[in-house]
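Following: one structure in structure tokens, then a few remarks.
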Amino acid sequence: MLLFFGVVLGVIFSTIISGKSEGEKGLIHWQYFIDMTGFHIHHWMIMLIILIISHSYEYHLVNGFLIGGIIHGLTYDDCFDISP
């Protein structure tokens, strides 16, 4: 149950922070980070790395939150585009 609740929270949080779809601005404007790194690193990529690291722990709510953010990020049409 905690995993499901975490997934729902992750999708809602990611939608608010990153925007509902690509090109739509959320609370955080990621262009600064893109300009610094030269890459468009999507939030789902960062969350996947954190999920892989934290997966061995029994934090169902946190893992669900990360999975929800990953699911949200993969709904973008440009989800695999890492060029600026």
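Bear in mind that the values in this text are calculations on the coordinates, not laboratory data. It should be emphasised that the depicted structure is a prediction, and the values quoted were computed from it without experimental measurement. Cβ atoms come from the backbone with ideal geometry, glycine included; neighbour counts cover every protein chain shown.
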Check your understanding: With each run of n ≥ 4 DSSP H residues scored as -39500 (n - 2.57), what mean residue ellipticity at 222 nm is computed for the chain after dividing by its residue count and rounding to the nearest 500 deg cm²/dmol?
Key -> -19000 deg cm²/dmol
Study note, to complete from the structure: Cβ density ranking, 10 Å radius, fewest first, applied to Phe13, Phe65, Phe33 yields Phe33, Phe13, Phe65
Study note, to complete from the structure: With the charge dipole of the chain built from beta-carbon charges (+1 for Lys and Arg, -1 for Asp and Glu) about the Cα centre, the Cα from Leu74, His60, His40 projecting farthest to the positive end belongs to His60
